[in-house]
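Read the figures in this text as sums done on the coordinates, not as results from a lab. Quick caveat, the model's predicted, so the values are computed rather than measured. FYI the Cβ positions are ideal-geometry reconstructions off the backbone, even for glycines, and counts take in every protein chain you see.
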Amino acid sequence: QPRQDDDPPPSTLLQDYQNVPGIEKVDDVVKRLLSLEMAKKKEKLKVIQEQLMKQIVENPEDTRSLEARIVALTIKIRSYEEHMQKHRKDKAHKRYLMMSIDQRKKMLKNLRNTNYDVFEKICKELGIEYTFPPLYYRRAHRRFVTKKALCIQVFQETQKLKKQKRALKAAAAAQKQATQRKPDSPAKAEPEILGDNQ
C-alpha cells in the first residue's frame with residue numbers, strides 16, 4: 001500500500017485551478033473550495049495517482065505501461081480498503097477489492113519476470129510486500145471437498161478390489177499347480193505294479 005505520509009496536503013489546489021492567473025490573491029474560503037479538502041473522492045485519487053506517477057514512472061504521460069497500471073490499481077485497492085473499514089458488510093466492494101489484488105499480483109509477477117529493477121522500485125515506493133504464489137492453488141469450497149472425499153473413497157475401494165483379485169488369482173494358480181502334481185504320483189506307480197506282475 002502507498003504510505004499515508006506521501007499524500008498531498010488537503011490545502012493543495014486541484015490541478016484545473018493551479019495554473020489560473022491570480023489564484024494566489026483569492027480569498028481563503030474560495031481557495032478552500034477549490035482545494036482537495038472540499039473535492040470529490042475521485043478527484044483526490046486522481047491527484048494522488050498523478051503524484052505517484054511522477055515519483056515512480058519514467059514517463060508519467062504513458063498510462064498504458066505496466067508500472068502505470070500497477071500504480072492505478074494500487075490507488076484503487078487503497079480506496080476500496082478505506083471503504084471496507086467503514087462498511088465491513090459491503091460484499092460487492094470486497095469482491096472488487098479481491099479482484100483488483102489478484103490482477104495486481106499478475107501484473108507484478110509479469111513485471112518481476114521482465115524488469116526486476118523496476119519491480120523492486122515499485123514495491124519499495126508503494127509499500128507492497130510481494131509473496132510468491134503457490135505452484136498450484138485451488139479454492140476448497142464445499143462441493144470440491146465432497147468431490148475429493150468421494151474420489152478418495154472410490155480409489156480406496158478399487159485398490160481393495162484389485163488386492164482381492166490378485167489374491168484370488170494367486171489362490172487359483174496355487175490350486176492349479178497342486179492338481180497338476182497329484183496325478184503324477186499314480187502314473188509313476190503304475191509301471192512299478194506292472195513290473196511286479198510280470
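Things worth noting here:
- Cβ-defined net charge surrounding Q159, 14 Å radius [Lys, Arg +1; Asp, Glu -1]: +4
- Normalising by residue count, the range 28-164 has a Cα convex hull of 166 Å³ per residue.
- Restricting the range 77-154 to chymotrypsin sites (Phe, Trp or Tyr not before Pro) that sit in a DSSP loop and have at most 10 other Cβ atoms within 10 Å of their own Cβ leaves Y136, Y137.
- Number of Lys-Lys pairs in the range 71-158 with C-alpha atoms under 26 Å apart and a separation of 8 or more places or on different chains: 24.
- For the range 46-124, the spread of Cα coordinates along the three principal axes comes to 39, 27, 21 Å, biggest extent given first.
- Calculated on alpha-carbon atoms, Rg and Dmax of the range 91-175 in Å: 25.0, 79
- For the range 54-113: relative contact order, % (alpha-carbon pairs under 8 angstrom, 6 or more apart): 34
- Calculated Rg and Dmax of the range 58-101 using C-alpha coordinates, Å: 12.6, 39
- Distance distribution P(r), the range 87-131, all Cα-Cα pairs, bin width 10 angstrom from 0: 26, 42, 24, 9 percent.
- Rounded to whole numbers, the Karplus 3J(HN,Hα) couplings from phi for the range 60-73 are x, 6, 7, 8, 8, 6, 5, 5, 5, 5, 5, 4, 4, 5 Hz, using 6.51 cos²θ - 1.76 cosθ + 1.60 with θ = phi - 60°, and x at Gly and Pro.
- 25 Å Cα-Cα reach of K176 towards lysines, excluding residues that sit fewer than 8 places from it in its own chain: K160, K162, K163, K165, K188
- Karplus-derived 3J(HN,Hα), 6.51/-1.76/1.60, for each residue of the range 78-90, Hz, glycine and proline x: 5, 5, 5, 5, 4, 5, 5, 5, 7, 10, 6, 9, 7
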